[in-house]
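Engineer: Would you mind keeping the following structure in view while I ask a few things?
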Amino acid sequence: MKISSQINALLEKVLEFQNEIEALKRQVEVLEQKNEQLSTYLKKDEKSKSTGNLIKLYEQGFHICHESFGQMRDEDCLFCLNVIGRTDGFTND
Ligand SMILES: [Zn+2]
């Protein structure tokens, strides 16, 4: 009797640990998801920052397109606008 009650107590402990491990696994999953969201967000932020710098250059009157990068421009350049994604109203597609 004593031994079987000890075994029961041990089994209860094991179940307790199993539940704890399951809960921890779920927490890890949630953290991994958050981590992924955060790194995606940071990557996006990095990209928009570099685009922001290009827009500044363009607004200062320089080409930012591959064709004439760094050269002064007199008027809007379709290639430049394409680089910063401002082709609205310019595309014929
Ligand atoms: Zn250009």
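Engineer: Could you tell me whether Glu46 is assigned to a loop (DSSP other than H, G, I, E, B) and either away from the ligand (no atom under 16 Å from the Cβ) or not aromatic (Phe, Trp, Tyr) (or both)?
Structural biologist: Answer is no for this residue.
Engineer: Which is outside any loop (DSSP other than H, G, I, E, B), surrounded by 10 or more Cβ atoms within 10 Å (Cβ to Cβ) and at pLDDT 95 or above, of Gln6, Gln37, Gln27?
Structural biologist: Gln27 is the lone residue from the list that is outside any loop (DSSP other than H, G, I, E, B), surrounded by 10 or more Cβ atoms within 10 Å (Cβ to Cβ) and at pLDDT 95 or above.
Engineer: Suppose the filter is of a type in the set (A, V, I, L, M) and within 28 Å of the chain's Cα centre (by Cα); does Ala9 pass it?
Structural biologist: When the stated conditions are applied, Ala9 does not pass them.
Engineer: For a quick check of your reading of the model, give me the residue pairs whose first member lies in the range 59-73 and is within 13 Å of Val83 (Cβ to Cβ) and of a type in the set (S, T, N, Q), whose second is within 8 Å of the ligand (Cβ to nearest atom) and assigned to a loop (DSSP other than H, G, I, E, B), with beta-carbon atoms closer than 9 Å and at least 6 apart or on different chains.
Structural biologist: Between residues of the range 59-73 that are within 13 Å of Val83 (Cβ to Cβ) and of a type in the set (S, T, N, Q) and residues that are within 8 Å of the ligand (Cβ to nearest atom) and assigned to a loop (DSSP other than H, G, I, E, B), the close pairs are Ser68/Cys77.
Engineer: Follow-up. Hey, could you check the range 62-84 for residues that are near the ligand (Cβ under 8 Å from one of its atoms) and not hydrophobic (A, V, I, L, M, F, W, C) and say which is surrounded by the most Cβ atoms within 10 Å (Cβ to Cβ)?
Structural biologist: The selected residue is His63.
The values are calculated or read from the model by the stated rules, or taken from the named source; none is laboratory data. Predicted model only: the values in this text are computed from it and were never measured. No Cβ is skipped: glycine too gets one built from the backbone with ideal geometry, and neighbour counts run over all protein chains shown.
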